[in-house]
Amino acid sequence: MSFLKRIAPALLAASILTGGATASLADEQHFPLQSYRVGPYAAGGTGFFGGFIDYLNLINTRDGGVNGVKLTWSEGETEYEVEKGVEVYQRLKSNPGIAAWNPLSVGIAYAMIDGVTEDQTPLLTINHGRTDTTDGRVFPYVFPLLLNPYSETSGIINYIASKEGGHEALAGKKIVVLYHGSPYGKETIPIYELLAEKYGFELQQIEVPHPGNEQQAQWLTIRRERPDYVVLRGWGVMNPVALTTAQRNGFPADRIIGNVWSNSEEDVTPAGDAAIGYTAITTQASGTDYPVVQEIEDKIYGANLGNLSDPARIGSVYHNLGIVNGILNVEAIRIAQARFGNRTLTGDEVRWGFEHLQLSPERVKEVGAENLFHSINVTWDNHEGEGYVTFQQWDGQKWNVISDWIAPDWALLRPIIEASSEAYAAEKGLTLRTEADVDTVASPASN
Amino acid sequence: MDWYAFLFAVEVAVGGLLSGVMYALVAIGFVLIYKTSGVLNFAQGSMVLFAALTFVSLVEHGVPFAGALLLTLAAMTALGFAIERTVLRPLANRSPMTLFMATLGLAYVIEGAAQLIWGTQVHRLDLGISNAPFEVGGIFISTFDLVAAGIAAAMVAILTAFFRFTRTGLSFRAVADDTFAAMAVGLRLNRIQAAVWTAAGAVALVAGLLWGARLGVQFSLSLIVLKALPVLVLGGFDSILGAIVAGLIIGASEKLAEVYLGPFVGGGIEGWFAYAVALVVLLVRPSGLFGKKLVERF
C-alpha cells in the first residue's frame, strides 16, 4: 500500500472535520431587525422585538441553533418612521445570510415591497400589512402571516354574531367602527361595508384624526347614534383615549370590541377602570401559561439573557406576539432546511420554507405553544395562512380569553383580495405566478 | 331643530369649550417664554412629557404624591436653569429663527432623556378625579374636565397676580417690553430667563398631570403641542388671556365642525379645522386676537 493510500482515510477524515468545523462556524442565519425602542410606539416595539429575540435566543441556547445553524440578528432604530425604516433596510441588507425582514410597521413594509422582491428575501407582516399581499401569485416575498386586515374584520363580525346568536341576528343591529385616520385605519372600510350589506346590519364608520388624543366629538356622535357595538380600530394613544372618552359619555366598555392593534396592556392600563370589560381580538393569547413562554422565562431570563428590561412584561400581548413571530420564522427555516440542507439558506430558500409553513395544532403543541396560537397553513398562493382568532376581555389586571378559536370567512374574502392583487399586477406589468414557479429557487451558488 | 338636537348641539359646544381649556393649558407655557424672550419654544410639549413621566415614575417608586410633586418641580427648575446655561446663553442675541431651531433640537434631547431615564413604558396616572359624567338639564358634563377648567382658571389667576404684583413678575414684563432697557437698569437677564423657563416648566407639570391622567403618561404627550399651536396663532403668542379665549374658540369650533361638517367631507376634520380657523384669523389679524401689534419701519 502506498503512503498516499495509507493516509487517504486520515486526510479524508481531517478534511471532513475541518470542513465541518468551518461550515458550523459559517452557518448562521441572520435577522436584520428594524426595531423601535424609542418614540411614540416604543412600548409595542420593545415588547414585540423583545419576544422575537428571546425566542431566537432560546433556540440558540437550548438547541444550538436550528439544526446547528446559529441564529443571529442586528438592530437598527426606526422610531416607527418610514424613512428611518428604509434607511435601516438599506444599511442592513448587505449582511450575509439574511432569512427574513420583520419591520412590524405597515408604512415600512409598503416601502420595502419592491426592494425585497428584487433581493428575493421574505418580508413578514404578522397580523398587519397590505391585505392583497396575501395573494402569493402576485407577491412572492411578502407574508401577512396569521391575520390580514380583512380576515380580522370578518373575525370581529363573526364574534359579534356569535354573541347575538348567529349571523341572522345581525340584521337590524347598529355597529360603529371608530378608525385611526391613517392608511392602516382606512384599510378595512370597504370590508365593513361589504359585511354590512351581506348580514344586514347598519354601519357607521367614524374617523379619529391622528394621533387620536382628543375624541369628544366622535363619542358624542356615537352616543347620539346609540349603536349596539363599537369596533375600535385604533393604534397607540388613540385606544386608551377612546375607552376613557366612552366612559365619559356613558358608553359601556363591554360593547366595545378592539382590533388586533388595540389589544395590548398598553392600550388598557392608562384607561384604568374605563377599560374593565373591554374586549379585543387576538391571534395569540397573553400570559405565561404556555411551555414555550415558561421556558423563555426559565432558560433566558433565568440566565440574565432576556431582552425585556422589565421581566414583568414576559407574557404580555406584544411579547407573546414576538414569540409567536419567532416560532413562525424558525419553523419556516426548519422546513426549508429539510429540503435544501442544514446550512445557511438564501432568502429565496427561506421564502420556499414560508410557502410550505404548515403547522398543525399538534406541531404547535410540540413547539410548546398549544393555545398560545392555533395553527397556520401557508401555501404558495395564500401567504396569510388561515390564522384563527380568539377574543380576550380585560378585567382591570389582565386579559382573559373568552371565546373559542374562531375562523374568519376566508372564502368570502378571497375574491376581493384577488381582484386587488390582480389590479396591482396589471399596474406593475407583473405575470401571475403559478404553482410550477414555487420550486424555482435561487440557491447559494446563484446568489 | 328639535329639543333633543338642540341639547345635543349645546353638549357638543360645552364639550368643546372644556377641551379648549385643556389646549390652553399647554399654550400658556408657550406664551410665558415667548412673552419674555420672543422665542417660540417648540420643546414645550417635551417638557410636558418630561414632567409627567418624572412625576408618575416617582409615584410608582413609592414617593408620596406631594413629595413627587415637589421633586418634579425641582427637576423642572433644574431643567430650566440647564437650558438657560447650555442653550440660551451661548445663543444670546441670535435671531429668533436660530433660537426656534435650538428649541426644536432641545425637544428631541428632552424626549430622548425622558425615555432614557424613565423608560418607554406607558403609565397610568390617577389623580383621584372621577372620569364619570354628571347630567345637567339633559347634558352630560365630565367631572374631570370641570376640575381641569378650575385648575386652569386658578393658574391664570396666579400667573396674572405674579406678573402684576411680584418683583420677579415685573422683571419679566420689563424684559418683555425692552430687553436692552431692562439690562441697562440692572436686571440680570440670565437669571430672569432661567426663572421664565422654570415657570414654563411648572406650567408644563400642571398640563402634564392633567393630560397624563387623560391619555396615560406616554410619549404621545409631547404631541399635544399640535393642539396648542392653532390656539397660539389665534390668541396671540404673548397673551395669557388670549391663550384661554383662543383655546375656548378652537375647542368649541373644532368639535362643532367635526360633528356637523365632518360627515359631508368624510370626517376626521378637527385636526386641520383648528389650523384653518387660525389661518383665517392670521389673514385678518396677523398678531392674533390679543397679541401685541408689531410695528416695524424699514
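The values are calculated or read from the model by the stated rules, or taken from the named source; none is laboratory data. Note that the structure is a prediction, hence the values are computed from the model and not measured. Counting neighbours? That spans all protein chains shown, and the Cβs are built from the backbone with ideal geometry, glycine included. Side chains are part of the model used for accessible areas, which takes the heavy atoms of the whole protein and leaves out ligands, DNA and RNA. Shrake-Rupley method; radii C 1.70, N 1.55, O 1.52, S 1.80 Å.
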Revision key, fill the gap. For the table B:LYS227/B:LYS293; A:LYS299/A:LYS398; A:LYS398/B:LYS227; A:LYS163/B:LYS255; B:LYS255/B:LYS293, the rows whose alpha-carbon distance is greater than 28 Å are A:LYS398/B:LYS227; A:LYS163/B:LYS255; B:LYS255/B:LYS293
Check your understanding: In peptide A:200-209, what is the residue-averaged number of other protein chain Cβ atoms found within 10 Å of each Cβ?
Key -> 3
Study note, to complete from the structure: Per-residue average of other protein chain Cβ atoms inside 10 Å, peptide A:215-225 -> 6
Point to revise | GNM top mover of A:VAL367, A:VAL241, A:VAL69 - chain A, alpha-carbon springs below 10 Å | key: A:VAL367
Review point. Using just the C-alpha positions of segment A:349-447 as equal point scatterers, what log10 of I(q)/I(0) does the Debye formula give at each q in 0.14, 0.17 1/Å?
Key: -0.77, -0.98
Practice item. Enter the mean number of other protein chain beta carbons within 10 Å of the beta carbon of each residue in A:257-268, as an integer. Key: 1
Exercise for review: Express the carbon and sulfur contribution to the solvent-accessible surface of the protein assembly as shown as a percent, rounded to the nearest whole number, probe 1.4 angstrom.
Suggested key: 60 percent
Practice item. Place the peptides A:372-385, B:212-225 in order of packing, highest mean first, counting for every residue the other Cβ atoms within 10 Å and averaging per peptide. Key: B:212-225, A:372-385
Review point. In whole Å, what three semi-axes, largest first, describe the equivalent ellipsoid of segment B:3-284 built from its Cα gyration tensor (square root of 5 times each eigenvalue)?
Key: 32, 23, 18
Review point. What are the residues of segment B:1-50 that lose 40 Å² or more of accessible area, with a 1.4 Å probe, going from their chain alone to all protein chains?
Key: B:TYR4, B:PHE8, B:GLU11
Check your understanding: At a probe size of 1.4 Å, how large is the accessible area of B:MET97, to the nearest 10 Å²?
Key -> 120 Å²
Review point. When averaged across all projection directions, what area in nm² does the alpha-carbon convex hull of chain A cover?
Key: 23.7 nm²
Practice item. Identify the GluC sites (Glu not before Pro) of segment B:207-296 meeting these criteria: DSSP loop state and at most 12 other C-beta atoms within 10 Å of the C-beta. Key: B:GLU296
Point to revise | Interatomic Cα distance distribution for segment A:183-247, bins of 10 angstrom, percent | key: 19, 51, 28, 2
Review point. Roughly what percent of Cα-Cα pairs across segment B:126-253 reach past 23 Å?
Key: 45 percent
Practice item. For A:THR117, tell me the accessible area in Å² from a 1.4 Å probe, rounded to the nearest 10. Key: 60 Å²
Review point. Points 7 angstrom from Cα along the Cβ direction at A:GLU83 and A:TYR301: gap in nanometres?
Key: 3.9 nm
Study note, to complete from the structure: Rounded to whole Å², per residue accessible area for segment B:3-284 with a 1.4 Å probe reads 41 Å²
Exercise for review: Straight distance only, please: which lysines reach the Cα of A:LYS93 with their own Cα at less than 26 Å, same-chain residues fewer than 8 apart left out?
Suggested key: A:LYS70, A:LYS84, A:LYS428
Review point. At a Förster radius of 22 Å, what calculated FRET efficiency corresponds to the Cβ-Cβ distance of B:VAL109 and A:GLU75, to the nearest 0.05?
Key: 0.50
Check your understanding: Could you name the aspartates and glutamates in cross-link range of A:LYS173, using Cα to Cα under 15 Å and dropping any fewer than eight places away on the same chain?
Key -> A:GLU164, A:GLU193, A:GLU197, A:GLU202, A:GLU225, A:ASP228
Study note, to complete from the structure: Over segment A:310-447, with neighbouring protein chains present, the accessible area per residue in Å² at probe 1.4 Å is 41 Å²
Check your understanding: Which loop-located trypsin sites (Lys or Arg not before Pro) does segment B:97-204 contain, where loop means any DSSP state but H, G, I, E or B and the Cβ has at most 15 other Cβ atoms within 10 Å?
Key -> B:ARG188
Review point. What total accessible surface area, summed over both chains, is buried at the interface between chains A and B, computed with a 1.4 Å probe and given in Å² to the nearest 100?
Key: 3100 Å²
Point to revise | Among A:GLY258, A:GLY45, A:GLY76, residue whose mean-square fluctuation peaks in a GNM of chain A (springs only between Cα atoms under 10 Å) | key: A:GLY76
Exercise for review: Take the alpha carbon atoms of segment B:1-65, find their center, do the same for segment A:240-292, and report the distance between the two centers in whole angstrom.
Suggested key: 25 Å
Practice item. Go from 0 up to the bin containing the longest alpha carbon distance in segment A:106-145, width 5 Å each, and give me the % of pairs per bin. Key: 6, 28, 40, 23, 3
Review point. In a GNM of chain B with a 10 Å cut-off on Cα contacts, which of B:ALA154, B:ALA51, B:ALA114 has the highest mean-square fluctuation?
Key: B:ALA154
Point to revise | Rg and Dmax of segment A:247-403, Cα atoms only, in Å | key: 17.8, 61
Exercise for review: Could you tell me, in Å, what Rg and Dmax come out for the Cα atoms of segment A:30-87?
Suggested key: 13.0, 38
Exercise for review: Give the calculated FRET efficiency between A:GLU435 and A:LYS365 to the nearest 0.05, with a Förster radius of 30 Å applied to their Cβ-Cβ distance.
Suggested key: 0.50
Point to revise | Sum of side-chain charges, B:PRO230 neighbourhood, beta-carbon under 13 Å (Lys, Arg +1; Asp, Glu -1) | key: -2
Check your understanding: When the convex hull of the Cα atoms of the protein assembly as shown is projected onto a plane and the area is averaged over all directions, what value comes out in nm²?
Key -> 40.8 nm²
